[in-house]
Amino acid sequence: MNRKQFLAAATTLPLAGAAMKLKSLNKFIDGLDASSTMPVLFLGHGSPMNAIEENEFVQGFRNIGSEIEKPKAILVISAHWETRGTFVTAMENPATIHDFGGFPQALFDVQYPAPGSPDLAEAVKETIKSKEVHLDDKWGLDHGSWSVVKHLYPNADVPIIQMSIDYSMSPAQHYALAKELAGLRKKGVLIIGSGNNVHNLRMVSWQHLNTVGYAFDWAKEANEKMKGYILDRNHQPLIDFHKQGRAFELAIPTPEHYLPMIYALALQDKNEDLVIFNDEAVAGALTMTSLKIG
């Protein structure tokens, strides 16, 4: 091969590699055919101790897991992975991250060895057109993910990836970004937002930590208004939560636990049913309110 032939061949290599990658990705996506559109979940995850305790919230997660078709893969948007820019975990075997302190050793001993899915991560990257999505090989599964998913799929036999929350984006931008993921639902991917719609740790009543139903007036007010908007399919006030008054300000002092609910609501089709479950307050300033869409 002479120099001219070599250079001509070399210039085609990146294109050939990209074509093979795209072919492989399309094959993966085509292989995710599901018999029906997967639901979307927003799970109020509450304390990490819900990973190892037996209570009504854990039972609520289990009930939902038993009601829905087993997914081909899971995509979680967790309150506990905030980044500048949007990232998806792309490793084969994501680590179980114990991103908390002050809890019993039994909680730190929990492992959730579900496989990852580099192919699904690449599919998410290709699906989102509005911004660049970065593939991550360092994060794993934080407790916003594994502490609830372990109750849905205790055998850890469903591939799972996480997508981060870009803290530089507005709620409206998150809502729009979530809509770009809708096609994955038709391929057997279960999309889960994990957080809490009312979440103010600075105002928690620690003496009522195990008193289910105990809520401050502002927490009750915010939760009831949120549920009203949700049931009316009126998402705009929820996107504009910072305009909804003092109760919302106290319920959402920072947005990271609230935004996963915005992701779930954005994926609700016009005629899809929505079920509210685990709708209880704890410790005055937290609510476990969870949603099943579809």
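The values are calculated or read from the model by the stated rules, or taken from the named source; none is laboratory data. Only a predicted model underlies this, so the values are computations on that prediction, with no experimental measurement involved. Neighbour counts run over all protein chains shown; Cβ positions are idealised from the backbone, glycine included. Surface accessibility is based on the protein's heavy atoms, side chains included, excluding ligands, DNA and RNA. Shrake-Rupley method; radii C 1.70, N 1.55, O 1.52, S 1.80 Å.
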Any hit, segment 187-197, residues being open to solvent by less than 40 Å² (accessible area, probe 1.4 Å), in a helix (DSSP H, G or I), in contact with a helix residue (DSSP H, G or I) (Cβ under 8 Å, 6 or more places away or on another chain) and under 26 Å from Asp137 (Cα atoms): no
Subset of segment 37-65 that is charged (D, E, K, R) and without any contact (Cβ under 8 Å) to a residue 40 or more places away in the chain - its residue that is least open to solvent (accessible area, probe 1.4 Å): Glu53
Residue match in segment 171-186 (condition: open to solvent by less than 50 Å² (accessible area, probe 1.4 Å), part of a strand (DSSP E or B) and either over 18 Å from His235 (Cα atoms) or at pLDDT 95 or above (or both)): no
Residues of segment 280-294 that turn out to be surrounded by 24 or more Cβ atoms within 10 Å (Cβ to Cβ) and either in contact with a Pro (Cβ under 6 Å, 6 or more places away or on another chain) or not hydrophobic (A, V, I, L, M, F, W, C) (or both), as a count: 2
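For segment 230-250, check the following and say yes or no: at least one residue is of a type in the set (A, V, I, L, M) and either in contact with a Gly (Cβ under 7 Å, 6 or more places away or on another chain) or part of a loop (DSSP other than H, G, I, E, B) (or both).
Taking segment 230-250 and keeping what is of a type in the set (A, V, I, L, M), we get 230-231, 238-239, 247, 250.
Among the residues that remain, those that are also either in contact with a Gly (Cβ under 7 Å, 6 or more places away or on another chain) or part of a loop (DSSP other than H, G, I, E, B) (or both) are: none.
No, there is no match, as no residue in segment 230-250 is of a type in the set (A, V, I, L, M) and either in contact with a Gly (Cβ under 7 Å, 6 or more places away or on another chain) or part of a loop (DSSP other than H, G, I, E, B) (or both).
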Hits in segment 93-148 (condition: closer than 20 Å to Val58 by Cβ and of a type in the set (Phe, Trp, Tyr)): Phe100, Phe103, Phe108, Tyr112, Trp146
Scope segment 101-138; condition closer than 17 Å to Pro48 by Cβ and of a type outside the set (S, T, N, Q); matching residues: Gly101, Gly102, Phe103, Pro104, Ala106, Leu107, Phe108, Asp109, Val110, Tyr112
Residue in segment 225-243 that is touching a strand residue (DSSP E or B) at 6+ places or on another chain (Cβ under 7 Å), among the hydrophobic types (A, V, I, L, M, F, W, C) and under 29 Å from Ala123 (Cβ atoms) present: yes
Count of segment 105-126 residues which are surrounded by fewer than 17 Cβ atoms within 10 Å (Cβ to Cβ) and either within 19 Å of the chain's Cα centre (by Cα) or polar (S, T, N, Q) (or both): 5
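Among the residues of segment 144-159, what is the count of those that are out of contact with any Gly (no Cβ under 8 Å at 6 or more places or on another chain), in contact (Cβ under 8 Å) with a residue 12 or more places away in the chain and open to solvent by 10 Å² or more (accessible area, probe 1.4 Å)?
Going through segment 144-159 one residue at a time, the tally reaches 3.
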Set Glu82, Glu92: member being touching a Gly at 6+ places or on another chain (Cβ under 8 Å), within 29 Å of Leu177 (Cα to Cα) and charged (D, E, K, R): Glu92
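Just a yes or no: is a residue in segment 281-293 at pLDDT 95 or above, assigned to a helix (DSSP H, G or I) and small (Gly, Ala, Ser)? I'd like the intermediate steps shown before the answer.
The initial filter retains those residues of segment 281-293 that are at pLDDT 95 or above, namely 281-293.
Within this subset, residues satisfying the condition of being assigned to a helix (DSSP H, G or I) are none.
No, segment 281-293 has no match at all.
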Every residue from segment 39-68 that is in a strand (DSSP E or B) and either in contact with a Ser or Thr (Cβ under 8 Å, 6 or more places away or on another chain) or of a type in the set (Lys, Arg) (or both): Leu41, Phe42, Leu43, Gly44
Index of the failed condition, Arg62 passing every other in (1) of a type outside the set (Val, Ile, Thr); (2) farther than 28 Å from His174 by Cβ; (3) modelled with pLDDT under 95: (3)
Selection count, segment 221-279, where residues are more than 30 Å from Ser36 (Cβ to Cβ), of a type in the set (Asp, Glu) and open to solvent by 50 Å² or more (accessible area, probe 1.4 Å): 3
